Amino acid sequence: MRLLYILATYLLFPLLLPVLCVHRKTRHGLWQRLGFYSPGALPVRGDGPVVWLHGASAGDLLALSPMFAPLRARFPGCHLILSTMTDSGHAMATGRLAKDIDGVIYVPYDLWGPTRRAMKALRPDILVLEYTEIWPNLIRAAKRGGARVVMTNGRFSPANVGRYRALFGLIGNPLKDLDLMLMRHEDEAERARSLGARPDWVMVTGNTKFDSLASGPAPEDITLREVLGLPVGAPVWIAGSTHEGEEEALLGVYRRLLAKWPELRLVIAPRYVDRAARVVTLARDAGLSVGLRSKGNPERGQVVVLDTIGELSRAYRLGTVVFVGGSFTKRGGQNILEPAGQGKPVLFGPHMDNFRDSVAVLSEHGGIQVADAEELHARLAELLEDPRRIDELGARALETVGRISGASERNAEAMLSLFPHGRAEPR
């Protein structure tokens, strides 16, 4: 069965490669994706074990980041290597996360050759895969290389269980090669067991993304406010992680709000920064002045487009109210707990399929779901009329985030249990 998967990947790969090489998310890092590393691309291996953590995108790497310190505490001298699939993830790892890790690579394509070359080059003691990053060749290569393989923040959507079961029936069950499956919720743990994971390998530890959400004011907030061109004391609406089709509706709501709150500023952070020019055009077409964060917003525009990577969380701290995008489209939403962790009321649309757990946590606790742009306008107007209500909802959101933390410590402790002598011996 594994042979069938290996053959299928090699047959399909020539068809997919041209698309992968030009797609805006995956166009860089071809040689590393094939398992080849230039001199100096990998850190020099020291005395400690190597922990390879993989997250597909920038957001996934941020969700892994709270585990860095607990892993270093339990595996003294360890080398933390991050891998990612997307170019934005690589930029996040080499920028914002660089000081906390020891190396960054693009994850190899899930082909027999690249995965084995990568394992031979890195020789990890632990491979950590996040969410549903189930790559059979990568997992098998890690096991053949002597590594323990762990899933963190594990999730299996009930809608996809049948597809997974059919796929595993064709290619063999990669879950049987995992040493630990650390799941977000008990229902997801039960789905993992139903898919063939050994029950004693499945644990519920929670979601590490909750552990890095709460943070207070910082000196760089002042600098960011200045480069965004936000007047001190003016109310600020932050629209984070917006997608195509949402900005026009948000700009329409903003124009209506300006009639009563002319000092209100709108910061739009598109989910993909290469859409910044498109958002600027939409704002100008709506008759609004607009500037870019990367240029310091010299126009001091009413609308500011956040066209940089890694600053959205800090920008949320500057907001009065927040709307999180992806939720007015079938995309399925984006992370609503990040602004909640900054103590802000969070509004979001009806499409939150990818973040149902976050909606359950935040609803009635600082989160407000709206059906459409009309209801968004009504709720924003209510909040801007009542600053005390804004403070109350923000405090409830922050308190809620604080109650659901701790998964990173639990995960690191569970990984330590994989080693009989209480430590991972370097290989």
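The values are calculated or read from the model by the stated rules, or taken from the named source; none is laboratory data. Here the structure is a predicted model, which means the values were calculated and not measured. Here the Cβ positions follow ideal geometry from the backbone for every residue, glycine too, while neighbour counts run over all protein chains shown. Please note that ligands, DNA and RNA were not included when accessible areas were found on the heavy atoms of the full protein model with its side chains. Shrake-Rupley method; radii C 1.70, N 1.55, O 1.52, S 1.80 Å.
Okay, here's what the table says:
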| read-out | value |
| --- | --- |
| Failed criterion for MET92 (all others in (1) open to solvent by 50 Å² or more (accessible area, probe 1.4 Å); (2) not in a loop (DSSP other than H, G, I, E, B) hold) | (1) |
| Test: residue in region 301-316 that is touching a Gly at 6+ places or on another chain (Cβ under 6 Å) and over 30 Å from THR94 (Cα atoms) | yes |
| Count of residues meeting criterion [over 17 Å from ASN137 (Cα atoms) and either part of a loop (DSSP other than H, G, I, E, B) or open to solvent by less than 60 Å² (accessible area, probe 1.4 Å) (or both)] in region 26-41 | 9 |
| Residue within region 187-210 that is more than 30 Å from VAL161 (Cβ to Cβ), open to solvent by 10 Å² or more (accessible area, probe 1.4 Å) and hydroxyl-bearing (Ser, Thr, Tyr) present | no |
| Which listed residue is surrounded by 24 or more Cβ atoms within 10 Å (Cβ to Cβ), in contact with a Gly (Cβ under 8 Å, 6 or more places away or on another chain) and of a type outside the set (A, V, I, L, M, F, W, C), from GLY332, GLY325, GLY349, GLY341 | GLY325 |
| Residue, farthest from ASP47 (Cα to Cα), within region 112-158, restricted to residues that are among the hydroxyl-bearing types (Ser, Thr, Tyr) and modelled with pLDDT under 95 | SER157 |
| Within region 313-332, considering residues that are in a loop (DSSP other than H, G, I, E, B) and touching a residue at least 24 places away in the same chain (Cβ under 8 Å), the one nearest to PRO387 (Cα to Cα) | THR320 |
| Residue within region 388-396 that is among the hydrophobic types (A, V, I, L, M, F, W, C), farther than 29 Å from PRO158 by Cβ and touching a His at 6+ places or on another chain (Cβ under 9 Å) present | yes |
| VAL359, sole failed condition from (1) assigned to a helix (DSSP H, G or I); (2) modelled with pLDDT of 95 or more | (2) |
| Residue that is among the aliphatic types (A, V, I, L, M) and closer than 27 Å to GLU413 by Cβ, where the choices are LEU170, LEU175 | LEU175 |
| Filtered residues of region 130-153 (kept if touching a His at 6+ places or on another chain (Cβ under 9 Å) and either under 24 Å from GLU190 (Cα atoms) or among the aromatic types (Phe, Trp, Tyr) (or both)) | GLU130, GLU133, TRP135 |
| Failed item, numbered, when ALA147 is tested on (1) over 20 Å from the mean Cα position of the chain (by Cα); (2) among the aliphatic types (A, V, I, L, M); (3) open to solvent by 10 Å² or more (accessible area, probe 1.4 Å) | (3) |
| Qualifying residue in region 69-84 (condition: in contact (Cβ under 8 Å) with a residue 40 or more places away in the chain, within 16 Å of LEU34 (Cβ to Cβ), in contact with a Phe, Trp or Tyr (Cβ under 9 Å, 6 or more places away or on another chain) and not acidic (Asp, Glu)) | no |
| The listed residue being free of Cβ contacts under 8 Å to residues at least 24 places away in the same chain, of a type outside the set (Phe, Trp, Tyr) and touching a helix residue (DSSP H, G or I) at 6+ places or on another chain (Cβ under 7 Å), out of LEU292, LEU264, LEU228 | LEU292 |
| Residues of region 396-427 classified as in a helix (DSSP H, G or I), surrounded by fewer than 20 Cβ atoms within 10 Å (Cβ to Cβ) and at pLDDT below 90, total | 2 |
| Condition met for LEU347 (touching a residue at least 60 places away in the same chain (Cβ under 8 Å) and among the hydrophobic types (A, V, I, L, M, F, W, C)) | no |
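Per-residue answers, yes or no, for (1) buried (at least 16 other Cβ atoms within 10 Å of the Cβ); (2) at positive phi; (3) among the hydroxyl-bearing types (Ser, Thr, Tyr):
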| position | (1), (2), (3) |
| --- | --- |
| LEU138 | yes, no, no |
| ASN153 | yes, yes, no |
| GLY162 | no, no, no |
| LEU170 | no, no, no |
| LYS176 | no, no, no |
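To keep it simple, each residue is scored yes or no on (1) open to solvent by less than 30 Å² (accessible area, probe 1.4 Å); (2) in contact (Cβ under 8 Å) with a residue 60 or more places away in the chain; (3) closer than 25 Å to ALA259 by Cα; (4) basic (Lys, Arg).
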site: VAL361; (1), (2), (3), (4): no, no, no, no
site: GLU364; (1), (2), (3), (4): no, no, no, no
site: ILE368; (1), (2), (3), (4): yes, no, yes, no
site: ALA371; (1), (2), (3), (4): no, no, yes, no
